[in-house]
Amino acid sequence: MQADNNQTKFTITLLRHGESVGNANDYYQGQSDFPLTEKGRQQAEALAQRWNNEAVIFDRIISSPLARARQTAQIIASGLKSPLEFNSDWMERNNGVLDGLKAQEAAIRYPRPDFIHPFQPIGFSGETQWELYLRAGRAVQGLLHRSPGSYLVVSHGGLLNMVLYVALSIVPQANFQGPRFRFNNTAFARLKYTPGQHDWLVERLNDRSHWPKDSCSG
């Protein structure tokens, strides 16, 4: 008897956190621990309500431990009654000396080099593009070591871009060239993965129909 396809596939929803104090005030956030704004909390609550209305079920929610992601995940886990855990592999990029600086200040104190190769630390001591890519691969590998099922990951725009690079077999390039995937606050991508065929299907990208009020990004 052929196995049920739903029991042999992963459904992976990649969610960016709600608006944070860092987003609202134009900071390089990186691994600095900015909490959600009230608007960010409302975004997460609106998404939880949408998924409740759609009868969406997650076997588990896995979140970055940084406050903006953690608070987003907690709101959704509470609304959906889903189990929640935290994993540092899903944290945002370490931006070195840029972490916690306003973008305008950073541009003055540490002007961006004309050329950045994929092995060059960001902000002098931060993660290179390759290191971020490899960490994204480790995060995906850890997820796929679990039993097939439906998983929600709550993370950050930079890391989630590299997760899509891993899934779509794209490699980092110099000067951040190559595709960039938009993740607005509490926007999500949904992927399905069939291990038997190593087949990735991107079903949704930057879905934020629960919050059509603006187009805040970053």
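We did not get these values from a lab; they are worked out from the coordinates using the rules stated. Computed from a prediction, not measured in an experiment: that's the story for all the values here. As a convention, Cβ positions derive from the backbone with ideal geometry for all residues, glycine included, and neighbour counts pool all protein chains shown.
Around PRO118, with a cut-off of 12 angstrom between Cβ atoms, what is the net charge of the other residues, counting Lys and Arg +1 and Asp and Glu -1? Please report the intermediate quantities before stating the final value.
Numbers: positive: none; negative: GLU127, GLU131.
Once positives and negatives cancel, what remains is -2.
Going through (1) 14.5; (2) 12.1; (3) 12.9, the figure that equals mean projected area of the Cα convex hull in nm² as computed for the structure here is (2). For the range 140-218, the relative contact order works out to 24 percent when only alpha carbon pairs closer than 8 Å and six or more residues apart are counted.
Available extension along the chain between GLN177 and ASP199 is 5.4 nm, counting 0.36 nm per residue and deducting the alpha carbon span.
DSSP bridge analysis restricted to the chain gives an antiparallel fraction near 50%, rounded to the nearest 5.
Near GLY157, once Lys and Arg are set to +1 and Asp and Glu to -1 for all other residues with Cβ below 10 Å from its Cβ, the sum equals +3. Net charge in the neighbourhood of LEU201 (other residues with Cβ under 11 Å of its Cβ; Lys, Arg +1, Asp, Glu -1) is +2. The packing ranking, built from the mean of other Cβ atoms within 10 Å per residue, places the peptides 40-51, 62-73 in the order 62-73, 40-51, highest first.
Packing, taken as the mean count of other beta carbons within 10 Å per residue, orders the peptides 75-84, 21-30, 105-114 from highest to lowest as 21-30, 75-84, 105-114.
Placing unit charges on the Cβ atoms of the charged side chains and taking the dipole of the chain about its Cα centre, the candidate lying farthest along the positive direction among LEU205, ASN52, PRO113 is ASN52.
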